[in-house]
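Sending over a structure as structure tokens; questions will come in a sec.
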Amino acid sequence: MRYTKQYSSPSELLVILENRGLDCSDTENAEHILRSIGYYRLSGYLYPFLKAPKSEHIYKSDSTLGKALSLYEFDRELRLLLFNQIERIEIAVRSAITNIACEETEDVFWMSKPEYFANSDKFNKTIQLVDKEIQASREDFILHFKESYEEPYPPSWMIAEIIPLGTLTRVYENISSNQIRKKIARYFGLSVPVFISWMTIITLTRNSCCHHARLWNRSLSLRALTMTRPLRPWLEDDVQQGRVFFTLCILKHFIDIIRPDNDFKQNLLVLLEKYPMIDTQAMGFVDNWLEQPLWKC
């Protein structure tokens, strides 16, 4: 099937939306909004207001552009909140992996040596990514190392600072010593498989935040592993996998270890109170989420 849709200007799109039943009178300069945000990005926040079947593109009687913009602003603030926590988690994970592995191997260059890894093919693919990052890096510490030392690779803590979080997770996953992997995972109160699984979820969420992707009601096809015998307060009830609430729980678990005096829960409550129209069930929240052991802390 050929793609036959043609470009429509913001003014033309505004007429189309109004003809489909969307009330745009509650928003000043609606055309400017469509021009500055873009209809395609905004359509993800208009979608919940469509009547069933949604394929007919007819809006419910009380649907307004202002309500869609509120969803958009909520999602933007939610991404900022999550990214703030992910930043702390990412830095802590980079530090834990390098500190623990350097201490256990007594080798500051372990990350660039194949003898410390289980799968040589995976190591070779990873080291190719490391090579690209080192060649492209303009960080002062990388440039200084190249100019000052004869070793082909910098120490592991420098490599850990310049490679993407997903690559670092693959480095961890391929470490041959199960003792080292267990010690790193246990530092965050997790088993090795759960640590890998949760770091993958965090990486995907980080990428969504960085690319300003819709997050609040998105469903991830990837399902995370869960702890059968939690070492720390967790969830007593089943939580819907793939929804943002489960991601919030993962972040809460990490941040409570990294920064016990954090204000993540308080900031989340303030955000939800600011946007009372948000359907938290669409986000995967359970009714008694604040009574769950994880969120009582």
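State whether segment 10-63 is rounded, prolate or oblate according to the following rule on the C-alpha gyration tensor (a ≥ b ≥ c being the square roots of its eigenvalues): a/c under 1.5 gives rounded; otherwise a/b larger than b/c gives prolate, and the remaining case gives oblate.
Prolate shape, in that a/c is at least 1.5 and a/b is the bigger ratio.
Now for a separate question. Rounded to the nearest 0.05, what FRET efficiency do THR226 and ILE162 have when you use their Cβ-Cβ distance and R0 = 25 Å?
The pair THR226/ILE162 has a calculated efficiency of 0.20.
What's the extension gain from ASP263 to ILE16 if we count 0.36 nm per residue and subtract their Cα-Cα distance?
84.6 nm
Given R₀ = 35 Å, FRET efficiency for ILE91-SER43 by Cβ-Cβ distance, to 0.05?
For ILE91 and SER43, the calculated efficiency is 0.50.
Turning to a different aspect of this structure: Straight-line reach only, C-alpha to C-alpha below 15 angstrom: list the aspartates and glutamates that LYS182 could link to, leaving out same-chain residues fewer than 8 apart.
Cross-link targets: GLU103, GLU104, GLU173.
According to a simple spin-label model (label point 7 Å from Cα along Cα-to-Cβ), what is the distance in nm between ALA136 and ARG35?
Going by the 7 Å Cα→Cβ label model, 3.5 nm.
Taking amide H positions as placed 1.01 Å from N in the peptide plane, with prolines and chain starts having none, which residues 5 or more places from PHE117, or on another chain, fall under 5 Å of its amide H?
Those qualifying (amide H under 5 Å, at least 5 residues apart or on another chain) are SER176.
While we're here: Using 0.36 nm per residue, how much length does the chain from ALA282 to LEU143 gain when fully extended, once their Cα-Cα distance is taken away?
Length gained, ALA282 through LEU143: 45.3 nm.
Still on this structure, please answer the following. With label points built 7 Å along Cα→Cβ from the Cα atoms of GLU73 and LYS125, find their separation and express it in nm.
4.4
Shape call for the chain from the C-alpha gyration tensor, a ≥ b ≥ c root eigenvalues: rounded (a/c under 1.5), prolate (a/b greater than b/c) or oblate?
Here the chain falls in the prolate category.
Would you kindly state how much longer the chain becomes between LEU80 and THR64 on full extension, computed as 0.36 nm times their sequence separation minus their alpha carbon distance, in nm to one decimal?
Taking 0.36 nm per residue and subtracting the Cα distance, the gain is 3.3 nm.
Also, I was wondering about something else. Determine the dipole magnitude for segment 26-185: charges of +1 sit on the beta-carbon of Lys and Arg, -1 on that of Asp and Glu, nothing else is charged, the reference point is the Cα centre, and the result goes in debye to the nearest 20.
740
Take ASP131, ASP121 and order them by how many other Cβ atoms sit within 10 Å, fewest up front.
Fewest-to-most Cβ neighbours within 10 Å comes out as ASP121, ASP131.
Let me ask something additional. If you plug each phi of segment 81-87 into the Karplus form 6.51 cos²θ - 1.76 cosθ + 1.60 with θ = phi - 60°, what whole-Hz ³J(HN,Hα) values come out, in order, with x for Gly and Pro?
Karplus values, whole Hz, x for Gly and Pro: 4, 5, 5, 4, 6, 4, 4.
Of the peptides 280-293, 248-261, how do they stack up when ordered by the mean number of other Cβ atoms within 10 Å, highest first?
Descending mean neighbour count gives 248-261, 280-293.
Then there's this: May I ask which residue of PHE49, SER63, HIS32 lies farthest towards the positive end of the charge dipole of segment 10-63, with charges of +1 (Lys, Arg) and -1 (Asp, Glu) on Cβ and the Cα centre as origin?
Farthest along the dipole direction, towards plus: PHE49.
Shifting gears a bit: Helix-derived [θ] at 222 nm for the chain: sum -39500 (n - 2.57) over DSSP H runs of at least 4, divide by residue count, nearest 500?
-18000 deg cm²/dmol
Still on this model: First select every other residue whose beta carbon is under 14 angstrom from the beta carbon of GLN240; then total the charges, Lys and Arg +1, Asp and Glu -1.
-1
Excluding residues on the same chain fewer than 8 positions from LYS146, give the lysines whose Cα lies under 16 Å from its Cα.
LYS132
Here's something else I'd like to know. Highest first, please rank the peptides 109-120, 180-191, 212-223 by the mean number of other Cβ atoms sitting within 10 Å of their residues.
So the peptides 109-120, 180-191, 212-223, ranked by packing, come out 180-191, 109-120, 212-223.
We did not get these values from a lab; they are worked out from the coordinates using the rules stated. This structure is a prediction, so every number in the text was calculated from the model and none was measured. Note: ideal-geometry Cβ built from the backbone for every residue, glycine included; neighbour counts use all protein chains shown.
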